[in-house]
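Structure record follows, encoded as structure tokens.
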Amino acid sequence: MVAKKTKITDDFEEVQIGPDEPVYTTGVVCRVLKIPVWVLKQLDAEEIVSPPRRSENASRLYSKRELQKVKHCWFYIKEHKVNISGLRIILTMEKSKY
């Protein structure tokens, strides 16, 4: 008996995700941005980045815009050794600049 060759196709359509749509879990954010979990927990605790939870006991979900903000914060924390208080000041100054 000869096995049939089957053609595999992708039947799903790409979905456009808006910049504010919360879809990325904490684990995905850490993997994509190559940052430790404590960074997300600290930024969340200090309400610098506050993504919504899916439910009361579920993990947080981050949007593309929040990923950019976390990446921006991590740059200051890692490259310039800025602590959370300093980060707050920098973000406030950047926001008022425009």
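The values are calculated or read from the model by the stated rules, or taken from the named source; none is laboratory data. Here the structure is a predicted model, which means the values were calculated and not measured. In this analysis, Cβ positions are derived from the backbone assuming ideal geometry, glycine residues included, and neighbour counts consider all displayed protein chains.
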- request: Could you grab the pairs with beta carbons closer than 6 Å, sequence gap of 6+ or different chains, first residue in region 72-88 and hydroxyl-bearing (Ser, Thr, Tyr), second one crowded, with 16+ Cβ neighbours inside 10 Å?
  value: TYR76/VAL82; TYR76/LEU87
- line: All conditions in (1) over 20 Å from PRO22 (Cβ atoms); (2) of a type in the set (A, V, I, L, M); (3) under 18 Å from the mean Cα position of the chain (by Cα); (4) surrounded by fewer than 16 Cβ atoms within 10 Å (Cβ to Cβ) are true of LEU87 except (4)
message: If a residue must be surrounded by 12 or more Cβ atoms within 10 Å (Cβ to Cβ), assigned to a helix (DSSP H, G or I) and of a type in the set (Val, Ile, Thr), how many such residues does region 27-58 contain?
response: 4
- line: Scanning region 59-83 for residues that are of a type in the set (A, V, I, L, M, F, W, C) and surrounded by 15 or more Cβ atoms within 10 Å (Cβ to Cβ), the one modelled with the lowest pLDDT turns out to be LEU61
message: Among the listed residues LYS69, LYS64, identify the single one that is under 22 Å from LYS95 (Cβ atoms), basic (Lys, Arg) and in contact with an Asp or Glu (Cβ under 9 Å, 6 or more places away or on another chain).
response: LYS64
